[in-house]
Structure formats: C-alpha cells, structure tokens
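J.: Mind looking over this structure? Questions follow.
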Amino acid sequence: MSTVAIDARDARGPQLRGWGRYTLELVRALRRRADVELLELDEGGRGPELAWEQLVLPRILRREGVGLIHAPNCFLPLRRPCPGVVTVHDLAFEEHPEDFARLTGWKYRTFTPRCARSAERVICVSEHTRRDVCERYGVDAERTTTIHSAPCLPVGREPPPPGPYLLAVGDLRAKKNLGRLVRAFARLHRDGLPHRLVLAGLDAGEGAAIGAAAGGAPVELTGYVDDSRLDALMRGAALLVYPSLYEGFGLVVVEAMARGCPVAAARATALPEAAGGAAALFDPLEEEDIAARIREVLEDGELRAGMVERGRARAAELSWDRTAELTAAVYRELL
C-alpha cells in the first residue's frame, strides 16, 4: 500500500478532547498493522492553522509523494495531489453554534461542508452523524462509511471516592444539558435519595449556576480530571448519567460500560446507538423523566444487573484494532 499521511496534530494536546483521543488511538492501532505505511504529521508549523491545512499541507503531500491524506477532524485540504479521507465526528457547530467561539464556529461551518463534499471518502463515527452529513451537506451516501470509536481509557488501580454517588461528565455548554440533570437530581434528593452527584469536568468557577439549580442538594464539582481519576470515578459510581442533547457518538457511555458502571443516557442523537441497547434511556428535555429513570435503575437490582452485563458486552464489541481495520479497508479502496 502507498504511504498514507494522517494529520495527527490533535493527538498531541495536553488535555485531549474526543477528536484528539480518536486521532491518538487510531494512529496507535494503525501503527500495529503491517499493511499501512503511515506518515504522521504532528506539527502545524508557524502561522494560522487554516493556512497550514489548506496551503502548506498540500505541498508536503506532493513533496513526500504520499498516496492518500486522512484528516481525522474535518479539515481536509480542498486542493490536494492525492485522494482524501475526512473523519466527521459530529455537526454540533451547526446544531449548537452558541457553544463555539466565533472564529472556531466560522471555521467549522465554512470548511466542514466543503471538505466533506470534496473528500473521496467521509468516515463518520456514528450512523447518526453519517445521516446528518448526507442530509445537511448533500454528500453522496455511497462516499460515506460509519466506523465507531472504542473505549480507550486505561483501567487503573486508583481507589474511587467514597460512595454512594452518581457521576456525570461534561461542562456547562448548552448541549451538555447539565442544568436539567442537576434539577432532576435535586428532586430525587428531596425524596430521600442518599447519593451525591459528582460532576467531572466542572470547576468552582461554574459553581454558582450549578448551585442555583441544585437548591441545596449535594453536588460536587471536580474540576478537570485526568484519565486515572476519571477511570476511578467511573469504577466507583452507582450510575453514569449522560443527559447530553447532542453527541456524535458518546464515548463516555462505552467507557463507563467497560467498567461495569450502568448508564442512563439521553434518548437523543447518537447516544442510543453508542449504548447499543445496554443503557436506560430518557427524554433529556423532561426533568421528571430523567429522575424517574435514575430512580428505576438504582432501585431495581435485577434491571441493574442486566444493564451491567449488557454494558460490558457492548463495550467489548468495540476496539481500536477493529476501528483501524475498517479504516485501513477504506484506504485500500482508494489506493
């Protein structure tokens, strides 16, 4: 197979977000394959990143004589000397523009549709995202393929905090919907629920908004947590609650399932697909429904045990070696 160049810049950040983890784990898995010769481009050079992506990168591809370029987060060079593959994780910047800085949102909304239409193949991390790309941008479905992500947090030995507690992971962006979750939890607390709610990723600076929603219910904000701490929090939680209004996949869901933590998640966008029938689903716009599903999972031992078993099985279906295998198959088709 000819050399495949991959834009690996997102894998080098100190605090990786979803697409950074995707890039890191995909590159690691592709390295393990004998049938892929990989050129990792992990430095963007000086100047605006957009200039590097659209002007400098094509010159590098021509100079190195690569057979294909894979952009793992939207920004494929529109003019290039070889076929291009682009991964689109989600279109949250279209659905929730308020969650993005002005220039960041402009870049995504301006270039993602052009890159998707230009690409010889578009990889999407869920069927939900694939349909969204085809319908919103008019991309031919035959040029798209769905390849799921997989759990990647190492299972460690750090002891979890004392329980009992519910766990949510996210921030105060509108799409994460944590305000409704906190108000639903406050209802449960008033009804005698002994658990506290741990919000991983939120810091004290966001406490005022959360405190107002909690109304005195025990809500703990951890601030940023590293991988080992997040792993420990998941292992010790009675339940992971994921109320997000929009996700391209929902990696946190399968990370929790891999650790035997039952999951209650929003019946929205790609989350039911990620959960694969192993989560308790709720209407994320209805606080009463959120509270009811949490209560049901905590009180029904038989339901809970079944969710743990199905969750482990669902997580075991997903692996980065499988993701790399399907990705390499896309490369072979184009080369």
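The values are calculated or read from the model by the stated rules, or taken from the named source; none is laboratory data. Quick caveat: nothing in here was measured; it's all calculated off a predicted structure. Heads up, the Cβs are rebuilt from the backbone with ideal geometry, glycines too, and the neighbour counts pull from every protein chain shown.
Residues checked against (1) crowded, with 21+ Cβ neighbours inside 10 Å; (2) assigned to a loop (DSSP other than H, G, I, E, B); (3) more than 21 Å from the chain's Cα centre (by Cα); (4) β-branched (Val, Ile, Thr):
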site	(1), (2), (3), (4)
11	yes, no, no, no
28	no, no, no, no
51	no, no, yes, no
57	yes, no, yes, no
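J.: Please go through (1) part of a helix (DSSP H, G or I); (2) crowded, with 17+ Cβ neighbours inside 10 Å; (3) within 19 Å of the chain's Cα centre (by Cα) for residue 107 and return the number of the only condition it doesn't satisfy.
T.: (3)
J.: Is region 275-284 home to any residue that is under 30 Å from residue 83 (Cα atoms) and touching a residue at least 60 places away in the same chain (Cβ under 8 Å)?
T.: Checked against the condition, which is being under 30 Å from residue 83 (Cα atoms) and touching a residue at least 60 places away in the same chain (Cβ under 8 Å), region 275-284 yields no hits at all.
J.: Filtering region 59-73 down to residues that are at pLDDT 95 or above and part of a loop (DSSP other than H, G, I, E, B), which residue is farthest from residue 108 (Cα to Cα)?
T.: Step by step, filter region 59-73, then rank; the result is 65.
J.: Go through the residues of region 171-186 one by one and say whether even a single one is among the β-branched types (Val, Ile, Thr) and farther than 25 Å from residue 25 by Cα.
T.: Yes, region 171-186 contains a residue that is among the β-branched types (Val, Ile, Thr) and farther than 25 Å from residue 25 by Cα.
J.: Here is a follow-up. Among the listed residues 244, 228, which satisfies the condition of being touching a strand residue (DSSP E or B) at 6+ places or on another chain (Cβ under 6 Å), among the small types (Gly, Ala, Ser) and in contact (Cβ under 8 Å) with a residue 60 or more places away in the chain?
T.: Exactly one of 244, 228 is touching a strand residue (DSSP E or B) at 6+ places or on another chain (Cβ under 6 Å), among the small types (Gly, Ala, Ser) and in contact (Cβ under 8 Å) with a residue 60 or more places away in the chain, namely 244.
J.: Just one of the numbered conditions (1) buried (at least 17 other Cβ atoms within 10 Å of the Cβ); (2) over 17 Å from residue 23 (Cα atoms) is not true of residue 136; which one?
T.: That leaves (1) as the condition not met.
J.: List the residue pairs whose Cβ atoms are under 7 Å apart, where the first residue sits in region 75-103 and is farther than 16 Å from residue 118 by Cβ, the second is small (Gly, Ala, Ser) and outside any loop (DSSP other than H, G, I, E, B), and the two are 6 or more positions apart or on different chains.
T.: Between residues of region 75-103 that are farther than 16 Å from residue 118 by Cβ and residues that are small (Gly, Ala, Ser) and outside any loop (DSSP other than H, G, I, E, B), the close pairs are 89/18; 93/105; 96/174; 97/105; 98/174; 99/92; 99/174.
A quick yes/no check of all residues on (1) closer than 26 Å to residue 152 by Cβ; (2) modelled with pLDDT of 95 or more; (3) not assigned by TED's automatic domain parsing to the domain that holds residue 244:
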site	(1), (2), (3)
299	no, yes, no
302	no, yes, no
308	yes, yes, no
311	yes, yes, no
326	yes, yes, yes
329	yes, yes, yes
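J.: Continuing with this model, one more query. Among the candidates 308, 263, 297, single out the residue that is without any contact (Cβ under 8 Å) to a residue 60 or more places away in the chain, under 26 Å from residue 132 (Cα atoms) and among the β-branched types (Val, Ile, Thr).
T.: Testing whether each residue is without any contact (Cβ under 8 Å) to a residue 60 or more places away in the chain, under 26 Å from residue 132 (Cα atoms) and among the β-branched types (Val, Ile, Thr) leaves just 263.
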